[in-house]
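The values are calculated or read from the model by the stated rules, or taken from the named source; none is laboratory data. This is a predicted model, so every value here is computed, not measured. SASA here: full protein model, heavy atoms, side chains in, ligands and nucleic acids out. Shrake-Rupley method; radii C 1.70, N 1.55, O 1.52, S 1.80 Å.
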Amino acid sequence: MMQWNALRWRLEVLAVRHGLWMLPGAALLLCALLAWLWWLPSQEAALRDTLAMRVNEQATASVPVAAPHSALPPAARADAALQRLFALAAEHGLTIAQADYRRQETGHVGRWQVQMPATGTYPQVRRFLRAAQAIPGLSLDEVGIHRAPVGAGVEARLLFSVWFTLDSPAEKAP
């Protein structure tokens, strides 16, 4: 009982010294403290539950997607795609001095990486690149074009990748 009287006495002294405006401030402080300790964590938990429920709904509603490598051609067709690439270069008047090849395989996907320096005119290089887009599994990784000596056109350094699938271990090269 003595403690409550002492507390009441201190509150009365504070009210007399600072006026009655301090009491609404103390009440607001108490409400903010209660909100911080009780109401905000419960709201956060409710939001997490709602978010988890929506993620589960989207996961169950989504249609199973085929493996991304299923659209790639098989390894045998990738070799034909390389031959088609060089035939297209010849058809468009480009001169290929020497090409570097590298074969890489990872899991179910492999690729032939071909670096080909080509000389010709700039319009020939552009037409060749446009025509090469039709080759299945082909990606253009890098293009570098430099002006050749006077009258020779341009020198293009082209880096292509021909992507393919490896369905069985028998297709893998040793």
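Here are the numbers for the structure shown:
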quantity: Given [x] 8, 21, 14, 10, 8, 8, 7, 8, 9, 6, 1; [y] 9, 23, 17, 15, 13, 10, 6, 4, 3, 1, 1, 0; [z] 10, 32, 26, 19, 10, 3, 1, the label whose value is P(r) over Cα pairs in 10 Å bins from 0, in percent derived from this model; calculated: [x]
quantity: Residue-wise HN-Hα coupling along the range 38-49, computed from phi with Karplus coefficients 6.51, -1.76, 1.60 (Hz; x: Gly, Pro); calculated: 10, 6, 5, x, 5, 5, 4, 5, 5, 5, 5, 4
quantity: Per-residue HN-Hα couplings for the range 114-126 [Karplus 6.51, -1.76, 1.60; θ = phi - 60°; Hz; x = Gly/Pro]; calculated: 10, 10, 10, x, 10, 10, x, 8, 4, x, 5, 5, 5
quantity: Carbon/sulfur fraction of accessible area - the chain, other protein chains in place, 1.4 Å, %; calculated: 63 percent
quantity: Sequence-distant residues sharing a close amide H with Leu94 (under 5 Å, placed H); calculated: none
quantity: Computed accessible area, His108, all protein chains, 1.4 angstrom probe, square angstrom; calculated: 110 Å²
quantity: Integer Hz, Karplus 6.51/-1.76/1.60 couplings in order for the range 85-96, x for Gly and Pro; calculated: 4, 6, 5, 5, 4, 5, 4, 8, x, 8, 9, 9
quantity: Among Thr106, Thr121, Thr50: highest mean-square fluctuation, GNM of the chain, C-alpha pairs under 10 Å; calculated: Thr50
quantity: Å² per residue, accessible surface of the chain at 1.4 Å; calculated: 74 Å²
quantity: Between the range 94-170 and the range 14-53, the alpha-carbon center distance in angstrom; calculated: 66 Å
quantity: With all protein chains modelled, accessible area of Asp49 [1.4 Å, Å²]; calculated: 100 Å²
